[in-house]
1. Determine the dipole magnitude for the range A:5-98: charges of +1 sit on the beta-carbon of Lys and Arg, -1 on that of Asp and Glu, nothing else is charged, the reference point is the Cα centre, and the result goes in debye to the nearest 20.
2. Helix hunt in chain B: which complete DSSP H runs extend at least 18 Å axially by C-alpha with mean Kyte-Doolittle at least -1.0?
3. Restricting to Cα pairs below 8 Å that are 6+ residues apart, what does the relative contact order work out to for chain C? Please round to a whole percent.
4. Sort C:Trp46, C:Trp380 from largest to smallest accessible area, using a 1.4 Å probe on the heavy atoms of the protein chains.
5. No solvent, one uniform scatterer per C-alpha: report log10 I(q)/I(0) for chain C via the Debye equation at q = 0.09, 0.14 1/Å, two decimals.
6. What total accessible area, in Å², is buried where chains B and A meet, using a 1.4 Å probe and rounding to the nearest 100?
7. Show the residues, 5+ positions off or on another chain, whose built amide H is closer than 5 Å to the amide H of A:Lys26.
8. Are there GluC sites (Glu not before Pro) in the range B:75-136 that DSSP marks as loop and that have at most 14 other Cβ atoms within 10 Å, and which are they?
Amino acid sequence: MSVGLEHYLVVGAVLFAVGLYLALAKRNFVGVLMGIELMFNAVNLTFVSFSRFAESPNPLDGHVFVIFVITVSAAEAATALALAVLLYRVKDTISVDEIDMLRW
Amino acid sequence: MDDAGTVIAFWVLSAATISSAAATAAVRNLIHAVVLLVVSFMGVAGLYITLSADFVAVTQILIYAGAISVLMVFAIVLTPRGERGNAEGFLRLPALLLAGLVAVTLIFVAVDTEWVISDRPGFQETASVIGEALLDRYVLPFEIASVLLLVAMLGAIVLVRPDSAMEDE
Amino acid sequence: MTEWYDFRDIGNAVGALLDQIRDWGAPDWVPYVAATLIGIVGILLWAVLSVLAFIWIERRVVGLMQNRIGPNRVGPQGLLQPVADAIKLLLKEAITTTNADRYMFWLAPILVFIPTIVVFAPIPFGEEMVLADLNVGVLFLIAIASINTLAVFIAGWSSNNKYALLGAMRTIAMLISYEIIQVLALLGVVLFVGSMRLGDIIGWQLDHDVWLIVLQPVAVLCYIIAGAVEMNRSPMDIAEAESEIVAGYHTEYGGIKFGFFYQAEYLAGFAITAVVVTLYLGGYTLFGLEQWVPGWLIFLGKLYGFFFTYIWFRGTLPRLRIDQLMAFAWKFLLPISILNVLLVGSEVLLWKEAGLESQLAIPLFAVINGAFAVAVVVGWATALGHSAPRHTAHRAILTQEVGAIFYGEAAPRP
């Protein structure tokens, strides 16, 4: 029994779906962020598995993409969590259902 | 890849990753959810190692498990009256439906397409090739990424600085 | 020669055992798994025995430095003190407080212990004696050490104790600040050698007949200090300062759970020292002596000798406050590490482009780096405002007011 490209892509697809559910359904800001990070991870896994298996003149470009995605997701997580803390100071809640007015 | 070690490693790691990701959605305690998310990050790092992507695996552990999880944990600690029950909002069922549809579509595309698979063996050493690519073909995204990180750092600091620091000049 | 009794390379004995297993007709994967298991068990046994020995050594040596005898009651000269400690910790009740988060409370000591053992995997104990010869060894060491931050948080949070949480937050702030300094310090080494494999780094030091400590004084200084912080060791043991925060993130832990934290602290010390010895002090080589003396003996000798420096720090230096620590990291160590990386990068570029001979280049770089180290440390410290104090006490002179001390000129005679 061997493990090929399709196996890794299926794992990536399932992780992406779980991340999408977390990002859409959770009421807590940190929960939404967890979903977004899971989606990034699924995409990275797909990139790396293509870089390993698919035919390409520069196979390691997939890894370079992954490095950039990790960098950008770290920056985005920092900014999102700073926003969450600031929002908590003003509205005393981090539930995304209660932050529903454009200005108050 | 059909040697027994890689196959066993793949199945064990994928089971661990997917089950801890599903458990992140299911547990009723936010800190437990963050810890389970870190477990799934480590599982993904293990999957990278089975794909002979050593540099990316170690970077994943260093940044995701070591830094982003600490960020999330700090956000939870700095919001003491926020709810920690990891509850779902009112979009539970539509989100579940949409996630299921996306999963089915992606799995169908993954399994059904005829990918052009090459038969080269695993990479020997990725770090030096990645380094050369970063400074050779991808130097512009590299520099932009560094500026992006600087801007994100400054932005986060400016956002959460207490206002009184600016008032007593 | 590769007889099994050639103890210069313990791999010979293991190899003979594996050949024997293969001769008995086992399938192919059995010798591979057996070799890995022997390596893991060997590292675990060595680590635990070293910790036991060093509990006694450290307490006696710190006692000598503080002009007192250390533990000397249990057994001859107190040699059975670690055994007594271990038995006490094993038999003591490991209480789980009522409102603590049960699973995470149980998980935290294990999570603190695991990185400190895994870090020994890519480190070469001898010529071929490395458990996992990774191509990204240096980065692996830092990545595994970064898991400590999450483990410390889990320990502090699950205790359901606000002082434990506060101690955990302070420890995490310390750890993440000094991680960056560690990475930048190790980056200098990787720039010189051109590879992240630990075996290659030791090979480079052997080929060029120089230890990287003379070529990288700033980086070694930064890494030793950052390593002391990662070990939560005095002078940076904010987490365990009983006078300040009870016991930080391991306040609520007792019995064998505390034993795990205690042991993980010593093991982290050995891990950081092993990294310093491998990267900066030549690892298992000693300028060719390893052809007669077993390489692992040289490595262990250097390891224990360098760990004495950390024991020396503990006995001598006073404890730093958390804000002093953070200011030191962000305002002092980080700029000089970045300057060091700049300097090392330009040196390596010069070396490769100009095609200098190693005989000429290495002493030249050693002198330049040494001068740079002195200049940048003294210069930046002065620039930050920490120059020599204006009042230097010449001699304390007792006057009629007992206890009054006059600086500068002699006290006025009555």
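1. Numbers: 5 positive and 8 negative charges, 46 e Å.
Taking the Cα centre of the range A:5-98 as origin, the dipole is about 220 debye.
2. What comes out of the filter, once short or polar helices are dropped, is B:4-26, B:30-50, B:92-112, B:139-160.
3. Relative contact order, chain C: 18 percent.
4. Final ranking, largest accessible area leading: C:Trp380, C:Trp46.
5. The Cα Debye sum returns log10 ratios of -0.67, -1.36.
6. Numbers: alone 13440 and 7560 Å², together 13780 Å².
Summing both chains' loss of accessible area gives about 7200 Å².
7. Here B:Gly89 satisfy the definition.
8. Details: sites: B:Glu83, B:Glu88, B:Glu114, B:Glu125, B:Glu132; in loops: B:Glu83, B:Glu114, B:Glu125.
Here the GluC sites (Glu not before Pro) that fit, given the DSSP loop and packing criteria, are B:Glu83, B:Glu114.
The values are calculated or read from the model by the stated rules, or taken from the named source; none is laboratory data. Computed from a predicted structure; not experimentally measured. Counting neighbours? That spans all protein chains shown, and the Cβs are built from the backbone with ideal geometry, glycine included. Just the protein is used for accessible areas: all its heavy atoms, side chains included, with ligands, DNA and RNA removed. Shrake-Rupley method; radii C 1.70, N 1.55, O 1.52, S 1.80 Å.
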